[in-house]
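The structure appears below as structure tokens.
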Amino acid sequence: MELLKEIANISGKSGLYRILKPTRTGVIVESIDAQKARQVVGANARVSVLKDISVYMADHQDNSLPLGDLFLSIREKNPEGITINPKTASDYELFDFLGTVAPDFDTERVYPSDVKKMINWYNILSQYLPEVFEITDETQEAKA
């Protein structure tokens, strides 16, 4: 899941982007889709790197599950892909799905819109960047 430090979500833009390199005024990003369009994102844009995102867990106030670990859990429990459609799913269906991959998530601090984003991100990565889910020796050592 080391590749997640190169993948970002940009507020106000749909999809995911690979961070290529910094410029004086921001960063150059490439869309993760069939078009692979490149653009410069200004320094004042809100860029969230997926490696830094985590899901709140209910056990403790400071406890959270990194997004990479959540994606691996989704991949493990749904190897054929996610069958739920985030656009048409009810809040109950979204939380039920998240409960199957992260049973102790905090229902008070995780919103349905967050679950929709996570499902969309997972689907984009599965389709256009499946190497993100390859388990490396470092990942296995960290879990041991």
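The values are calculated or read from the model by the stated rules, or taken from the named source; none is laboratory data. Source: prediction; values computed, not measured. All Cβ positions, glycine included, derive from the backbone under ideal geometry; neighbour counts span all protein chains shown.
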Of (1) under 25 Å from P130 (Cβ atoms); (2) exposed (fewer than 13 other Cβ atoms within 10 Å of the Cβ), N44 fails just (1)
Matching residues, region 1-55, being more than 29 Å from T107 (Cβ to Cβ), part of a loop (DSSP other than H, G, I, E, B) and either in contact with a helix residue (DSSP H, G or I) (Cβ under 6 Å, 6 or more places away or on another chain) or touching a residue at least 24 places away in the same chain (Cβ under 8 Å) (or both):
I32, D33, A34, A45
How many residues of region 67-79 are free of Cβ contacts under 8 Å to residues at least 60 places away in the same chain and not in a loop (DSSP other than H, G, I, E, B)? The answer is 6
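If I filter region 94-122 down to residues being polar (S, T, N, Q) and more than 14 Å from the chain's Cα centre (by Cα), which single residue comes out as modelled with the highest pLDDT?
So in region 94-122, the residues polar (S, T, N, Q) come out as 100, 107, 113, 120.
If we keep only those that are more than 14 Å from the chain's Cα centre (by Cα) too, we end up with 100, 107.
Details: T100: 94, T107: 90.
Of everything passing the filter in region 94-122, T100 is modelled with the highest pLDDT.
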Of the residues D62, D69, D33, D91, only one is within 18 Å of the chain's Cα centre (by Cα) and not assigned by TED's automatic domain parsing to the domain that holds G12; which?
D69
Which numbered condition G81 fails, given (1) buried (at least 16 other Cβ atoms within 10 Å of the Cβ); (2) on the phi > 0 side of the Ramachandran plot:
(1)
